[in-house]
Amino acid sequence: MRVVGAFLVINAIAYAVQFVFNDLYQDGQGLEPKHIWQVIDYVAVVVILAALAVNFMRLRSLLPSGGEAISGERLGAYILFYATAALTLWFFHNWIDLLTLTEGKSVSVYNNVIWKFIGVVFPLTIGTTGCILWRKASDG
């Protein structure tokens, strides 16, 4: 669990760094942001699906057994699961659209806006999920 948690946190940090500093280097300077994003996106597929599974299992383990009031932990699990589910839908919709983009065409303004949402939500949800896994492994 600790290894998976660390993997998620490292990927959240890498995604955030790439998202923030992407515009500092452009084509012709040795690094091409497009190629870096391609690699990050393939890794993100695994990371997002792992986080979705972890958050779903965590949510199921915290489901109320009767007339219990909602706890802060359960509320947090609901929020994190649904944020990860939204991230999953946004990411796969945009990624598949990007993969099927015809040569010479550019990404739509709508998709660019959604990529900005993904760039913000990804590090938050994935990083939080990784921290939860790390803490859970440390607690025993």
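The values are calculated or read from the model by the stated rules, or taken from the named source; none is laboratory data. Note that the structure is predicted; figures quoted are calculated from it, not measured. All Cβ positions, even for glycine, are placed from backbone atoms using ideal geometry, and neighbour counts span all protein chains on display. To get the accessible areas, we keep the full protein, side chains included, count just its heavy atoms, and leave off ligands, DNA and RNA. Shrake-Rupley method; radii C 1.70, N 1.55, O 1.52, S 1.80 Å.
Scanning the stretch 9-16 turns up no residue that is more than 21 Å from residue 138 (Cα to Cα), hydroxyl-bearing (Ser, Thr, Tyr), open to solvent by 50 Å² or more (accessible area, probe 1.4 Å) and part of a helix (DSSP H, G or I). Just one residue in the set 91, 56, 122 is open to solvent by less than 40 Å² (accessible area, probe 1.4 Å) and more than 16 Å from residue 9 (Cα to Cα); that residue is 91. When residue 79 is tested against (1) in a helix (DSSP H, G or I); (2) touching a helix residue (DSSP H, G or I) at 6+ places or on another chain (Cβ under 9 Å); (3) among the β-branched types (Val, Ile, Thr), only condition (2) is not met. The criterion of being within 17 Å of residue 16 (Cβ to Cβ), without any contact (Cβ under 8 Å) to a residue 24 or more places away in the chain, open to solvent by 90 Å² or more (accessible area, probe 1.4 Å) and of a type outside the set (Asp, Glu) does not hold for residue 105. All conditions in (1) modelled with pLDDT under 90; (2) within 18 Å of residue 133 (Cα to Cα) hold for residue 70, with the sole exception of (2). Residue-level analysis places residue 21 outside the set of residues that are of a type outside the set (A, V, I, L, M) and closer than 26 Å to residue 133 by Cα.
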